[in-house]
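Below is one structure, written out as structure tokens; comments come after it.
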Amino acid sequence: MLEAISTQRDFSGGLNTTFEAWQIGDNEISSVQNMTISKKGSIMSATGFRAAGSAASSSILGLFTYYKPTFTPANILGYVSSTLLATWQTINNGSFRMTIDGTARSFTGIDTTTATSFNDVASIIQTKVRSVTGGTEVVAYVPSQTGFRITSGNTTVDSSVSLATAGVGGTDISGAGANDGLSMITGHGATVTAASVASTTPSLVRMYGTAVEISSNPLATVPTWDTVETLGTSGGRFGALQFASKIWYCDGNRDLHSYNGSTVATISSPDGNILASWRSTCFMAGVATNATVLYYSDVDDFTNWTTGDAGSIAINNQDGEAITGLVPQGDSLIVLKERSIWKVAYTYDQVTSTSYYTVTPISTSRGCISPRTALLVSNDATALSNFGVVTAGQEAYYSGLRTGVLSENIRNDLRTRLFGGAINEDYANTSAGAYFEDRMYLSVPILDATSPSSTYVYDPLYKCWTYLDGLGANIFTVFRNSILADYLFFGASDGGVYYFDQVHSYADIPYTKSFLTKRNNLGDPAGKKEVYYITITGSKSVGSTIYGTYYRDYATEEFIITDNDLLQDSSGSYIGESYLGTNYYGGTGTATGIPSYRFRKTFFPDERGCFEYQLKLLNEAVDEPYSVDSIQAGYGKLDLQETQPTL
């Protein structure tokens, strides 16, 4: 006799491996592969990823987005010149000096005797300028100004020109001599216009053992990777950031480097591999010879590490632990070590009228074991520690704690093996994380893996976890293309660069999309109950098959969900939905995507009597996503004479 109906309409508790399957919450699941939780609490297939072209020759050690600017070059426009063409035709040894693109230049031996127009004069001077600089400067006559303009040929942030000064020898044409000439000296009213950004090209920079490369089309079917620099020898793990239109990077083996979209410069600096930008200052850690020291550059000048406001801070030298992470957090810089967390703040003393950095401990027991897991998640500093994923920030403060742990529901997974988990402690420092579209991704080496092998996903909205297997990321980065669409890229140990997209394969390889519910206890330890039916509702694509397993005590039964279970309207058409969870899968006018349709599957167990049951759903095919909104079970007292109820 049907006496109760149990319905699970919410999976927002996510994965719970800390407790036995019969102990977990009604909205939790006991196992999951490549599924995620939607905004409405459904469980749905996680999207897959594509390869961004051919793999590098070795493991990816760095991957960063660089918004590569193209600049309108700097120029100087001379004031009205009174020098006649006839006067230019008498000059056979003209000279002037000027600093172009940061380098002082002296131009001599300029012969304009053959000029028949002011344009000829400009062309002759341009030839001389280019012969000295080796660049592509442009010298032009501006009739409306009755003067000349010199434009840098550099289209990067380093483009610059200065006022002219008197030449060395010969006839001065800067304007400081007997005639106005170019009229580009101080006091003549010349106008210097600085370089300005003309456009920005989103680009992706990858670093591996022997090279740094850049691609301006990483989403193309066949991306183009151009060499930024050849390393010559195997580099270490890279840190990088963008500031003042340049990307700044280091690998712990050499000085800081910068790239302006055209050329690489070496900066005299400490040799670290952890970077953060805070207060217009570059902070660096990971220096092997001074692992407990936090270094910082001058304000607004990442090339200066010795004068001005540059300096260093020892972060608790007494413990001897290396700094393992830096997270800018509003008006603070969070500094993490393996077993401690520190807050660096900038303080102004009104009594002494001086400013200085202060260091305050947040935790002396929890910290960070991998620099690339140190993230800002929902405005809280978050990192992987030996004890799981820890957070330091607003949420922790609200609960009266200095720090909190986000991964208690999967602590058997996200602790190191020394502390009862599954992460290989010897290679835990290879773990990587990212915060993307309101979710945290954390890739870690499990058991005997020597590089990240599994990825866990945390949803701050529901405070729950899901799991992606077969996905190991050495590093993540968020890439925003020219139409402001965001993509999550990652680099792997196989040298590949990949990005998540609305596909359901791992670089064209099928992957398992499955979950296992909690073990539902029917509430009568004295005797069995009868499960009369189980109804599952959700969405799936046409032509796909979802395979189900019903676990009843120690026995199993199989069932499938096919197109026969799709709901139809009065005209016999499938009832579609444009969204599978929160991901859009197509509709009128869309060229890509996988339309999803509603299904309702009712399964009648062959053997109804049981103490407890579980359900597992699975699909392993490419491009066959599905979601589950609810699972309902009707059960009652065991009655061997009763026939199956009519629904």
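The values are calculated or read from the model by the stated rules, or taken from the named source; none is laboratory data. Nothing here was measured: the structure is a model prediction, and the numbers come from that model. Ideal geometry is used to build each Cβ from the backbone, glycine not excepted, and the neighbour counts take in all protein chains shown. SASA here: full protein model, heavy atoms, side chains in, ligands and nucleic acids out. Shrake-Rupley method; radii C 1.70, N 1.55, O 1.52, S 1.80 Å.
The figures follow:
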{"item": "Any hit, the range 189-211, residues being free of Cβ contacts under 8 Å to residues at least 40 places away in the same chain, more than 16 Å from Y67 (Cα to Cα) and open to solvent by 30 Å² or more (accessible area, probe 1.4 Å)", "result": "no"}
{"item": "Filter result for V287 (β-branched (V, I, T) and touching a residue at least 40 places away in the same chain (Cβ under 8 Å))", "result": "no"}
{"item": "Any hit, the range 331-346, residues being at pLDDT 95 or above, open to solvent by 10 Å² or more (accessible area, probe 1.4 Å) and within 19 Å of F243 (Cα to Cα)", "result": "no"}
{"item": "Those residues of the range 408-432 which are crowded, with 20+ Cβ neighbours inside 10 Å and touching a Lys or Arg at 6+ places or on another chain (Cβ under 6 Å), in sequence order", "result": "G421, A432"}
{"item": "Boolean, N379 is open to solvent by 10 Å² or more (accessible area, probe 1.4 Å) and in contact with a Lys or Arg (Cβ under 9 Å, 6 or more places away or on another chain)", "result": "no"}
{"item": "Conditions (1) farther than 23 Å from D300 by Cα; (2) touching a residue at least 24 places away in the same chain (Cβ under 8 Å); (3) hydroxyl-bearing (S, T, Y); number of the one not met by S258", "result": "(1)"}
{"item": "Only listed residue being open to solvent by less than 20 Å² (accessible area, probe 1.4 Å), in a strand (DSSP E or B) and modelled with pLDDT under 95, chosen from G538, G548", "result": "G538"}
{"item": "Lone qualifier among L615, L647, L638 - being crowded, with 19+ Cβ neighbours inside 10 Å and either modelled with pLDDT of 90 or more or not basic (K, R) (or both)", "result": "L615"}
{"item": "Selected residue [under 24 Å from S378 (Cβ atoms), touching a strand residue (DSSP E or B) at 6+ places or on another chain (Cβ under 9 Å), β-branched (V, I, T) and open to solvent by less than 40 Å² (accessible area, probe 1.4 Å)] from I274, I267, I313", "result": "I274"}
{"item": "Scan of the range 334-369 for residues that are among the polar types (S, T, N, Q) and under 26 Å from the mean Cα position of the chain (by Cα), ordered by number", "result": "S340"}
{"item": "Single residue of the range 213-223 satisfying the filter (in contact (Cβ under 8 Å) with a residue 40 or more places away in the chain and within 21 Å of T156 (Cα to Cα)) that is most open to solvent (accessible area, probe 1.4 Å)", "result": "S216"}
{"item": "Residue, surrounded by the most Cβ atoms within 10 Å (Cβ to Cβ), within the range 137-159, restricted to residues that are outside any strand (DSSP E or B) and modelled with pLDDT of 95 or more", "result": "S152"}
{"item": "Top-ranked residue in the range 98-115 [being of a type outside the set (G, A, S), out of contact with any Phe, Trp or Tyr (no Cβ under 7 Å at 6 or more places or on another chain) and touching a residue at least 40 places away in the same chain (Cβ under 8 Å); ranked as surrounded by the fewest Cβ atoms within 10 Å (Cβ to Cβ)]", "result": "T99"}
